[in-house]
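Reading through the structure tokens given below for one structure.
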Amino acid sequence: MKKLVLATSALALSASMAMAMDVVRMGTEGAYPPWNFINDSGEVDGFERELGDELCKRAELTCEWVTNEWDSIIPNLVSGNYDVIIAGMSITDERDEVIDFTNNYTQPDPTLYVALSMDADVEKGIIATQTGTIQAAHIAESDATLVEFATPEETVAAVRNGEADAVFADASFLEAIAAEDDSLMVLEQQVLLGGGVGMGVRESDAELKATFNTAIDSMKADGSLNALITKWEIGSTFE
Amino acid sequence: MFSYCTDPSALEGLTWLSCYLTTGKHAGFYISFGTVLLLLAITAPTALAFGFAGATAARSRIWPVKWFGKTYIAIVRGVPDIAFFLFFVIALDQMFEWARHQIKCPDWDEPIRQGNDFVVCQAAKLPLGEAPQWVHETYGFFLAVLTFAIVFGAFAANVLFGAMRAVPHGQLETAEAYGMSRRQTFWRILVPQMWVYALPGLSNLWMVLIKATPLLFLLGVEDIVYWARELGGTKLSRFTEYPHGDWRMWYFLVLLVFYLCFTKVSELFIERLMVKLTHGQATTGGETQRKAAV
């Protein structure tokens, strides 16, 4: 009898372990439309929500969505609170030392300045960016003065209230905002930063990385990824 | 929610507002008020228990216990709250997972720390990877309560330690003269009398605790400040049915009113409690009450 109980509990344990492998927790920021945001019904929505759900379907995984502040999004991945970062995170060498990236699912996104007037000084002026982004790193190396904010929302607010001369962020994010606000203008300067956007996974999670790479490649191959990029106006499509 | 909300862009004024304020997203905001109140309701007694244990330990005659109590009070009071909140969530979580890992997966041969990664076997994950989202949230909430209790418990311990010493020594000597043991003196004489000395300090702590709840978001719990920031931010018509500008000021105004009302109610309650506790005590307050009653 005792053996039977042991055997069944071992069975149950291995079954639950197999099941556990199939649930993948997707960590995102939920404050960066059109990439990821919280919609009216309070759920994660946007380009990456649709992309992530499709990838999980193709990889036959069950995915759960979690939001986390941008600031601590990498530490929480590393300590295992979720399994994937899917938050418009560009692939850079610095981040690659801490976590691993899947293949990129967007091209390098052109980065823009948005300001209150067309003659804002972006060379030596005060530029607002979000903390810990490639844009912040880029401005820090230039002659301009960098002011950093925790959320994308605050970077734009800083320009509106005159705290910064311009905000420096992804074209897809800024163009959507400038289109609905007449006082904000998109400057002509464009910079190409980073190696495209990919999903972040733990370095020890090679298996998950390979699974998602296969799914991303299959979406690239059948054109469904390009369709999503066009739908959400994310930037240039893959050839 | 209402039947006329199907096309919000056609609505105006109060009807628009009634639709806007009843979206699923706003429900999250309203629920978060409950989360904060629940956190306070659980944390306050837990922190008080931690404080009582800490103060008792610090008064102990057994030196390791005394040493433990004093160290707890000194260390936690000396470190900034925010450092503790960031440290405890990760440290407590990893400690629990490490302990479960040792028990559940004894034949795991890979190292737990692989570079930056903290890797335990799937069965040791807390909560389990396949657990539904609400379990993860409850677990985060539990970590938050524990962290708040540890931090505020240290302050409460210091207040109670002081209050225990404020009880007139004559009371304790009299108890001893009546032949009470140390334990009896503690529970029957010291503890009932110390609250009146502890209350001003504890009420301060309660007020600070109420205002410290926004630290919850550091612990991954979506609290009222998170939702106010999220809902108040500029919303573009491409991504929502209810576009609006930067309304964060109004949302924060609501929070301001909430916190002010809440602290006011607390103050009234604490005043009443003070009157009650003073009754029959050998303090000037108790004496005044006795004379007024005559």
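The values are calculated or read from the model by the stated rules, or taken from the named source; none is laboratory data. Quick caveat: nothing in here was measured; it's all calculated off a predicted structure. As a convention, Cβ positions derive from the backbone with ideal geometry for all residues, glycine included, and neighbour counts pool all protein chains shown. Surface areas here come from the heavy atoms of the whole protein model, side chains and all, with no ligands, DNA or RNA. Shrake-Rupley method; radii C 1.70, N 1.55, O 1.52, S 1.80 Å.
Run lengths n ≥ 4 of DSSP H only: what is the helix-derived mean residue ellipticity at 222 nm for chain B, with -39500 (n - 2.57) per run over all residues, to the nearest 500?
Using -39500 (n - 2.57) per qualifying helix, the result is -23500 deg cm²/dmol.
Report the FRET efficiency, 1/(1 + (r/R0)^6), for residue A:94 and residue B:114, where r is their Cβ-Cβ distance and R0 is 25 Å, rounded to 0.05.
Working from the Cβ atoms, E equals 0.80.
Treating cross-link reach as a plain straight distance, find the lysines whose alpha-carbon is under 23 Å from the alpha-carbon of residue A:220, omitting any fewer than eight places away in the same chain.
Of all the lysines, those that pass the test against residue A:220 - Cα under 23 Å, at least 8 places apart if same chain - are A:57, A:209, A:231.
Can you give the helix-only mean residue ellipticity at 222 nm for chain A, where every DSSP H stretch with n ≥ 4 adds -39500 (n - 2.57) and the sum goes over all residues, rounded to the nearest 500 deg cm²/dmol?
-12000 deg cm²/dmol
May I ask you to give the percent of accessible area on chain B that is carbon plus sulfur, with a probe radius of 1.4 Å?
The computed percentage sits at 67.
For the pair A and B, how large is the buried accessible area, both sides, in square angstrom to the nearest 100, if the probe is 1.4 Å?
3300
Whole percent per 10 Å bin, from 0 to the bin with the longest distance: what is P(r) over all C-alpha pairs of the stretch B:19-65?
23, 24, 20, 15, 11, 6, 1
Using only the C-alpha atoms of the stretch B:22-225, find the volume of their convex hull and express it per residue in Å³.
Each residue corresponds to 166 Å³ of Cα convex hull volume.
Can you list the residues of the stretch B:97-141 that have at least 50 square angstrom less accessible area with all protein chains present than in their chain by itself, probe 1.4 Å?
B:116, B:117, B:122, B:130, B:133
Taking chain B, how many lysine pairs are there with alpha carbons less than 23 Å apart, if each pair must be eight or more places apart or span two chains?
5
Using the Karplus curve 6.51 cos²θ - 1.76 cosθ + 1.60 with θ = phi - 60°, work out ³J(HN,Hα) for each residue of the stretch B:251-261 in order, rounded to whole Hz, and write x for Gly and Pro.
Once θ is set to phi - 60°, the couplings for the stretch B:251-261 become 5, 5, 4, 4, 4, 4, 4, 4, 5, 5, 4 Hz.
Of all alpha-carbon pairs in the protein assembly as shown, indicate the percentage at a distance above 43 angstrom.
32
Please check the stretch A:197-220 for residues whose accessible area, probe 1.4 Å, is lower by 40 Å² or more when all protein chains are in place than in their chain alone.
In the stretch A:197-220, residues shielded by partner chains: A:204.
Sorted by accessible area (1.4 Å probe), largest first, how do B:125, B:211 line up?
Listed by decreasing accessible area, they come as B:211, B:125.
Top mean-square fluctuation among B:248, B:59, B:183, Gaussian network model of chain B, C-alpha springs under 10 Å?
B:183
To the nearest 10 Å², what's residue A:199's accessible area with a 1.4 Å probe?
Estimated to the nearest 10 Å², residue A:199 gives 0 Å².
How much length is gained on full extension from residue B:283 to residue B:187, taking 0.36 nm per residue of separation minus their Cα-Cα distance?
That works out to 32.6 nm of additional length.
Among the GluC sites (Glu not before Pro) within the stretch A:109-148, which fall in a DSSP loop and have no more than 16 other Cβ atoms within 10 Å of their own Cβ?
Those that pass, being in a loop and sparsely packed, are A:123.
Which Cys in chain B stand alone, with every other cysteine's Cβ at 4.7 Å or more from theirs?
For chain B, the answer is B:261, because their Cβ atoms have no other cysteine Cβ under 4.7 Å.
Amide H neighbours of residue A:32 under 5 Å, at least 5 residues apart or on other chains, H built in the peptide plane: list them.
A:37
Sort out for me the Cα centre separation of the stretch B:152-171 from the stretch B:11-77, rounded to whole Å.
What the calculation gives is 22 Å, centre to centre.
Average projected area of the Cα convex hull of the stretch B:152-294, in nm²?
Spelled out: convex hull of the Cα atoms, projected over all directions, averaged, 12.8 nm².
In what order, largest first, do A:156, B:275 sit by accessible area if the probe radius is 1.4 Å?
From most exposed to least exposed: B:275, A:156.
Students sometimes get this wrong: rank A:160, B:290, A:202 by accessible area, probe 1.4 Å, all chains present, largest first.
B:290, A:160, A:202
Which far-off residues, 5 or more places away or on another chain, put their amide H under 5 Å from the one on residue A:63, with H placed in the peptide plane?
Excluding prolines and chain starts, which carry no amide H, the hits are A:24.
Sequence gap at least 6, Cα distance under 8 Å: using those rules, report the relative contact order of the stretch B:22-225 to the nearest whole percent.
Answer for the stretch B:22-225 is 33 percent.
Determine, from the Cβ-Cβ distance of residue B:16 and residue B:180 and an R0 of 60 Å, the FRET efficiency 1/(1 + (r/R0)^6), rounded to the nearest 0.05.
So the FRET efficiency works out to roughly 0.30.
Could you list which residues have their amide H under 5 Å from that of residue A:164, counting only those 5 or more apart in sequence or on another chain, with H placed in the peptide plane?
Excluding prolines and chain starts, which carry no amide H, the hits are A:159.
May I ask you to give the solvent-accessible area per residue for the stretch B:22-225, in square angstrom, as obtained with a 1.4 angstrom probe?
For the stretch B:22-225, the per-residue accessible area is 49 Å².
Between helix A:171-180 and chain A, what is the angle of the helix's C-alpha long axis to the longest principal axis, kept within 0 to 90° and rounded to the nearest 10?
Long axis of A:171-180 versus the principal axis of chain A: about 60 degrees.
By its C-alpha gyration tensor, with a ≥ b ≥ c as the square roots of the eigenvalues, how is the stretch B:21-137 shaped: rounded for a/c under 1.5, else prolate for a/b larger than b/c, else oblate?
Here the stretch B:21-137 falls in the oblate category.
Any idea what the relative contact order of chain A is, in percent, if you count C-alpha pairs under 8 Å spaced at least 6 apart?
It comes to 26 percent, rounded to a whole number.
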